[in-house]
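This report concerns only the one structure given below.
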Amino acid sequence: MSFLSFITLLLIYQLIGEWVVIQWHFAIPGPVIGMLLLLMTLLFRPPLAKEMHFHAHPFLAHFSLMFIPAGVGVMVHWPRLQAEWSAILAALLISTLLGLLVTGGIMLLLMRLFSKNRSEE
Amino acid sequence: MNTHSAFWVYLSASPLFGLTLTLVCYLLASRLYKAARYNPLANPVPLAIIAIICILWLLEIPYKDYFSGAQFIHFLLGPATVALAIPLYFQLNALKTIWLPLIISLVIGISFSGVSAYYIAQWMGASEVTQLSMIPKSVTAPIAMGISEGLGGLPSLTAVFVVITGVIGAVFGTWLLRKVGIRGDAVKGVAIGVTAHGLGTARAFQVNPQMGAFAGLSMALAASISAFILPWVLEWIR
């Protein structure tokens, strides 16, 4: 599969996703629908996954680059950030760090619980 | 001087400038990150963002003009989200054994991150728009922006919160989890993917591919279910 067909395929799935969202007034964003549809396609056609993986890896390696234009948008919200910076910083910092601990803690607990149940069966 | 300024007027108005500036700053910041031996404190994303803002500010270029070029990179978030299906597909086998703990952790993790940010912002006196825009901040950018709009937040403000959240998770995530004794690549990957989306996932891949795969899996799953649960959670806490 060429890189051009790879990117075209991704855009087609995104387009179908966006179309589904508009058509049925879904609350889920179009790219997510596109992702789920692509996943279903891959389940039915496993060779396609290997072909796409070749291009997906370098493409997703720069996922963080794609967040930069949105991050620079901080400029536009400067007045709001200046007025509310302490609340914003505290909320983002505390909720993110606590979120990490809560998610990791629950995952660890449940995995132990489930593996225990399985070994007892 | 005259031809010089004419060139400048042309350049700052064309999309070429914002696009090139973004790529150059990202590549330079990535080099610096590599030179710092991937120290999480030298994460290239905040470095590039700060550099770009300084340059735009010095040259007096408004964000709108910058974005006319940078939008081509921003646009890639959509197809990249679709492409997440591919690593997700390769992790399906791992998913078979842990799907129930994973789904429960995802739902609790997403709701907890959003609700705690909402309440802390409210308690510290932030405006309502700020509070609402905080709720989807742990979800990857294009999806968070869509959810924010539905909740009555400001999508562009949410995008900023998403990036800051991702940077916090990428910088402190693995360190914090190790510090409290949470071990195992699967567990750490899930925690980072759920709370710090793509930016955390990029960092997890650097630490080790196994953790990265689990982070990517959780980010993709979180992205697909958060659109269902966050509006419902907001209704419930109000």
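Just a few scattered comments:
- Estimated D of segment B:83-237 in µm² per second, where Rh is the Kirkwood radius over Cα pairs and Stokes-Einstein applies at 20 °C, 1.002 mPa s: 140
- Rel. contact order, % - alpha carbon contacts under 8 angstrom, at least six apart, chain A: 15
- For segment A:43-121, diffusion coefficient by Stokes-Einstein and Kirkwood Rh (Cα), 4 °C, 1.567 mPa s, µm²/s: 74
- The value of relative contact order for segment B:25-134, using C-alpha pairs under 8 Å at least six residues apart, is 13 percent.
- Put in line by how crowded their Cβ is, counting other Cβ atoms within 10 Å and starting with the fewest, A:68, B:104 read B:104, A:68.
- Dividing the summed helix terms, -39500 (n - 2.57) for each DSSP H run of n ≥ 4, by the number of residues in chain A produces a 222 nm estimate of -29000 deg cm²/dmol to the nearest 500.
- Legend: P(r) of segment B:2-75 from all alpha carbon pair distances, 5 Å bins from 0, whole percents, reading 3, 16, 23, 22, 15, 11, 6, 3, 1, 0.
- 222 nm mean residue ellipticity, helices alone, for chain B (DSSP H n ≥ 4; -39,500 (n - 2.57); rounded to 500): -28000 deg cm²/dmol
- Stokes-Einstein D (µm²/s) once Rh is taken as the Kirkwood radius of segment B:136-225 over alpha-carbon pairs, at 4 °C in 1.567 mPa s: 102
- Summing charges over all other residues whose Cβ lies under 14 Å from the Cβ of residue B:177, with Lys and Arg as +1 and Asp and Glu as -1, gives +4.
- Within chain A, the selection of entire DSSP H helices by a Cα span of 15 Å or greater along the long axis and an average Kyte-Doolittle value of at least 0.0 returns A:3-24, A:30-44, A:78-120.
- Checked against a 27 Å cut-off, the cross-linked pairs B:34/B:179; A:50/B:137; A:116/B:96; A:116/B:137; B:137/B:188 give Cα-Cα distances beyond that limit for A:50/B:137; A:116/B:137.
- Distance between segment A:53-121 and segment B:89-163 - C-alpha centres, whole angstrom: 8
- Averaged over B:29-35, number of beta-carbon atoms from partner chains that fall within 10 Å: 1
- Mean projected area of the Cα convex hull of the protein assembly as shown, taken over all directions, amounts to 20.1 nm².
- Positive-end residue, the protein assembly as shown charge dipole about Cα centroid, Cβ charges, pick of A:22, B:51, A:54: A:54
- Rounded to the nearest 10 degrees, the angle from helix B:44-58 to the longest Cα principal axis of chain B is 30 degrees.
- Efficiency of FRET from Cβ geometry, residue B:71 and residue B:149, R₀ 22 Å, rounded to 0.05: 0.80
- With the simple spin-label model, which puts each label point 7 Å out from Cα in the Cβ direction, the residue B:37 to residue B:175 separation comes to 1.5 nm.
- Selection of trypsin sites (Lys or Arg not before Pro), segment B:1-89, meeting DSSP coil and at most 11 other Cβ within 10 Å: B:37
- Gyration tensor over the Cα atoms of segment B:1-154: the corresponding equivalent ellipsoid has semi-axes (square roots of 5 times the eigenvalues, largest first) of 35, 22, 16 Å.
- Charge dipole magnitude, Cβ of K and R +1, D and E -1 - the protein assembly as shown, Cα centre, debye nearest 20: 980
Read the figures in this text as sums done on the coordinates, not as results from a lab. Bear in mind that the values here come from a model prediction, so they are computed numbers and not experimental data. Backbone-built Cβ (ideal geometry, glycine too); neighbour counts: all protein chains shown.
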